[in-house]
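Trainee: The structure's right below; bear with me while I get my questions together.
Where a number appears in this text, it was derived from the coordinates with a stated rule and is not lab data. Keep in mind that what you see is a predicted model, and the values were worked out from it rather than measured. Cβ atoms come from the backbone with ideal geometry, glycine included; neighbour counts cover every protein chain shown.
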Amino acid sequence: MILTYIETRDKKIKKSSLEVLSEARRIAVDLKTEAAAVLLGTGMEALAADLSSYGASKVHLFDSAPLDRYSTQDYAAALAGLVKKLSPAAVFFSATAMGKDLAPRLAARLGVGLAADCTRISVQDGSLEFTRPIFAGKALLAFRLTSSPQVVSLRPNIFPAVPAAAAGEIIREAVEIPSAAARAEVTEVLQESGGEIDVSEADVVISGGRGMKGPENFELLREISALIPRSAVGASRSAVDSNWIGHQHQVGQTGKTISPNLYLAFGISGAIQHIAGMSSSKVIVAVNKDPDAPIFKVADFGVVGDLFQVIPPLKEELKKLRS
Amino acid sequence: MEILVFVKRVPDTESKIRINQETNSVVEEGLNFILGPYDEYAVEEALRIKGAKGGKVVAVSVGRDESLVILRKCLAMGADEAVLIKDPLPETYDGLRTARIIARFVQAKFPAARLLLFGKQSVGADNSQVPAMVAEFLGIGQANVVVKLEVDGDTAVALREIEGAQEKVSLTLPAVVSAQKGLNEPRYETLKGIMMAKKIPIPIVSIEELGFKPEELEPRVAIVKMDLPPARQAGRVVTGEAAETARQIVEYLHNEAKII
């Protein structure tokens, strides 16, 4: 069995968890086993149906008030108990903020290695081989884990979410929350203003660099973003370090490594640490005044020109397309 | 309050990475190594907490002798002590192994430490797993990817970054906290600091001294191959009147790439 941890936010399943479940199902077929899912929280029963339509043969449900809010220690304890009971061949997570917090905690509890933030998984002679970017994507590491179960996290936005009908039988699990003296608890979730989606989860990222000239001009990028569904505004390190925009928007080696369907770069020259963070985007379009800017070496479509001249008619063209 | 801050020597982010295909490792020759950028936020935070609450900051690195350079930097920034845990193996990309070493070290040498600070990830291995694993091995709480930290007596409140929001995490000390960019603005070392740092001896702790049998630290990661990613091909570059190039972009995205 491959067990997939399903992450929810506001009682909704995250898309990246469906990506993971889809990949788990694909691998399970190769390993001639089944793909199961595990859900923690309260009022999750209605979500089990969604999981059966993405290939979960069984949905293990921890429905318990203390699990209503995410806690690394409690969630790891519940998952470790389930792993002992089911002995899965592998446990899959999405490498989201929660997945990166929880998967290593579970792996350590089980005393096993963790394949983190993988972008490719294959089955070789009955065992799993992982590929993950290192140095923010400047290199790729292919490896196996010599411990079992294989604990794995998958990078969001890489694996397709593919619907597939399965039984989705609900199995209720009980959990005993251990009392730990030194605890960490999430007491509040503070939403960022505007409820923007994160650059790591967006289908389209519209990014600005030093060529944006000032914080006020990032408004232009937000206007473009408003015209493209599931898009987010990104930035280069120099824009962030100039305090033009918050660091959570930064793309690159000391920011986020992302793989959107489209990366639109305005006024970004393309420093090596920036290219590392976005070169796995499916399509890259760049607008820059400097014809020698390194970004043009990785762009599928480049415009040599003044971004302040290009953006207004670009917005008009996008509006035309929408109407 | 005793604060431990764990740091790693990494190639700077402007480095071009080359691979030795025979040994499946990164070619170190010609690389400029630095104190990990996220580790630097952790060091700064440790110094700020010490400044406000008093106590002692100890910088610790797991690695080879070359890591002494970054420990000296931590001392020059203001850390009181530094320790090198000497690891005979080169990079293993195995977070579990590093976490085991660190947890054992804390139990053996600094059992009274109240706060264990890390960078949210090393720049290179990019694993983001050692802090959480150390917390698990020590049975204490964790807050990862932290952009704000307030310590008050035996508790702390951390703001940690998640997708499009922040989680407020309440911690009972001792605890593990990993630093994200935005937590603070790291100080530069002063000339006086650099001179003082040269005089502080840096003890070296061996793996054997921590009571490990070699097989306990057998890496769980078996490297199959290290490679460069496929190079992207440069595409079409156009120039001309702004309205026309804007139209071309949208036409490309709509008709050719079929993205919007």
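Trainee: Please report the antiparallel percentage of the DSSP beta bridges confined to chain A, to the nearest 5. Display every interim value, and only then the final one.
Mentor: Details: 12 of 61 bridges.
Bridges in chain A that DSSP calls antiparallel: roughly 20 percent.
Trainee: Can you order the peptides A:197-204, B:139-146 by their average number of other Cβ atoms within 10 Å per residue, highest first?
Mentor: On the way: A:197-204: 22.1, B:139-146: 25.5.
So the order, starting with the most tightly packed, is B:139-146, A:197-204.
Trainee: If you don't mind, there's one more thing I want to ask. Between A:Arg183 and residues 5 or more places away or on another chain, which pairs have amide H atoms under 5 Å apart, with H built 1.01 Å from N, and which residues are they?
Mentor: B:Gly141, B:Thr172
Trainee: Considering only DSSP beta bridges where both residues belong to the range A:1-133, give the percentage that are antiparallel (nearest 5).
Mentor: 35 percent
Trainee: First obtain the Kirkwood hydrodynamic radius of the range A:193-322 from its Cα pairs, then insert it into the Stokes-Einstein equation at 4 °C and 1.567 mPa s, and state the resulting D in µm² per second as a whole number.
Mentor: D, rounded to a whole number, is 91 µm²/s.
Trainee: Right, next: Give the distance, in whole Å, between the Cα centre of the range B:146-195 and the Cα centre of the range A:222-287.
Mentor: Spelled out, the Cα-based centre of one part sits 25 Å from the other.
Trainee: Which pairs break 18 Å Cα to Cα here: A:Lys256/A:Lys282; A:Lys282/B:Lys258; A:Lys15/A:Lys100; A:Lys11/A:Lys85; B:Lys50/B:Lys120?
Mentor: Numbers: A:Lys256/A:Lys282 16 Å; A:Lys282/B:Lys258 11 Å; A:Lys15/A:Lys100 16 Å; A:Lys11/A:Lys85 26 Å; B:Lys50/B:Lys120 20 Å.
Over 18 Å apart, Cα to Cα: A:Lys11/A:Lys85; B:Lys50/B:Lys120.
Trainee: Quick one: dipole size for the range A:2-173, taken about the Cα centre, charges +1 on Lys/Arg Cβ and -1 on Asp/Glu Cβ, in debye to the nearest 20.
Mentor: 360 debye
Trainee: Please compute the contact order of chain A in relative form: average sequence separation of alpha-carbon pairs under 8 Å and at least six residues apart, divided by the residue count, as a percent.
Mentor: Relative contact order of chain A: 15 percent.
Trainee: Send over the semi-axes of the range B:2-217's equivalent ellipsoid, whole angstrom and largest first, taken as the square roots of 5 times the C-alpha gyration tensor eigenvalues.
Mentor: Computed over the range B:2-217, the values are 25, 20, 19 Å.
Trainee: Averaged across the residues of A:196-207, what count of C-beta atoms belonging to other chains lies within 10 Å of each residue's C-beta? Please report the intermediate quantities before stating the final value.
Mentor: Numbers: counts 3, 2, 5, 2, 2, 2, 2, 2, 3, 0, 0, 0.
For peptide A:196-207, the averaged partner shielding equals 2.
Trainee: Could you line up A:Ser323, A:Ser231 from fewest to most neighbouring Cβ atoms inside 10 Å?
Mentor: Result, fewest neighbours first: A:Ser323, A:Ser231.
Trainee: Between A:Asp10 and B:Asp152, what is the spin-label point distance in nm, taking each point 7 Å from the Cα along the Cα→C-beta axis?
Mentor: Here the answer is 3.0 nm between the modelled labels.
Trainee: Follow-up. Take the Cα of A:Gln191, step 7 Å along the line toward its Cβ, and report every residue of the range B:160-194 whose backbone nitrogen sits under 20 Å from that point.
Mentor: Only B:160-169 pass the distance filter.
Trainee: Of A:Lys213/B:Lys181; B:Lys53/B:Lys199; A:Lys12/A:Lys32, which sit over 27 Å apart, Cα to Cα?
Mentor: Too far apart for the 27 Å limit: A:Lys12/A:Lys32.
Trainee: How large is the translational diffusion coefficient of chain A in µm² per second when you combine the Kirkwood radius over alpha carbon pairs with Stokes-Einstein at 37 °C and 0.692 mPa s?
Mentor: 156 µm²/s
Trainee: Suppose each label sits 7 Å from its Cα in the direction of the beta carbon; what would the A:Arg120-B:Arg236 distance come out to in nanometres?
Mentor: Modelled inter-label distance: 2.9 nm.
Trainee: Related question: Looking only at other chains, what is the average number of their beta-carbon atoms within 10 angstrom of each beta-carbon in B:222-231?
Mentor: 5
Trainee: Ok, one more. Which percentage, to the nearest 5, of the DSSP beta bridges contained in chain B is antiparallel?
Mentor: Counting DSSP beta bridges with both partners in chain B, the antiparallel share is about 40 percent.
Trainee: What ranking do B:214-221, B:97-104 get when scored by the average of other Cβ atoms within 10 Å per residue, highest first?
Mentor: Ranked by mean Cβ neighbours within 10 Å, highest first: B:97-104, B:214-221.
Trainee: Just need the relative contact order of the range B:47-198 here, percent rounded to a whole number, with Cα pairs under 8 Å and 6+ apart. Provide the component values of the computation, followed by the final result.
Mentor: Values: 252 pairs, mean separation 36.2, N = 152.
The normalised contact order for the range B:47-198 reaches 24 percent.
Trainee: Hey, with R₀ at 30 Å, roughly what FRET efficiency would A:Asn243 and B:Ile204 work out to, going by the Cβ-Cβ distance, to 0.05?
Mentor: Values: r = 41 Å, r/R0 = 1.36.
Calculated value: 0.15.
Trainee: With each pseudo-label sitting 7 Å past Cα toward Cβ, what's the A:Ile171-B:Ala108 distance in nm, one decimal?
Mentor: In this crude spin-label approximation the distance works out to 4.1 nm.
Trainee: Quick one: if the Förster radius is 60 Å, what FRET efficiency do B:Phe212 and A:Arg222 give, using the C-beta to C-beta distance and rounding to 0.05?
Mentor: Efficiency, from the Cβ-Cβ distance: 0.70.
Trainee: Could you work out Rg/(2.2 N^0.38 Å) for the protein assembly as shown, with Rg from alpha carbons only?
Mentor: The reported ratio for this selection is 0.96.
Trainee: In square nanometres, what is one fourth of the surface area of the convex hull spanned by the alpha carbons of the range A:51-172?
Mentor: Mean orientational projected area (the range A:51-172, Cα hull): 8.4 nm².
Trainee: Need the C-alpha centroid separation for the range B:74-113 versus the range A:53-121, integer Å.
Mentor: 27 Å
Trainee: Further question: When Cβ neighbours within 10 Å are restricted to other protein chains, what is their mean count per residue of peptide A:93-106?
Mentor: For peptide A:93-106, the averaged partner shielding equals 5.
Trainee: Here's another thing I want to ask about it. Among the lysines, select those whose C-alpha is under 16 Å from the C-alpha of B:Lys213, and discard any that sit fewer than 8 residues away in the same chain.
Mentor: Excluding near neighbours in sequence, the set is B:Lys86.
Trainee: Given a cut-off of under 8 Å on Cα pairs at least six residues apart, what relative contact order in percent is computed for chain B?
Mentor: Once divided by the residue count of chain B, the mean separation gives 23 percent.
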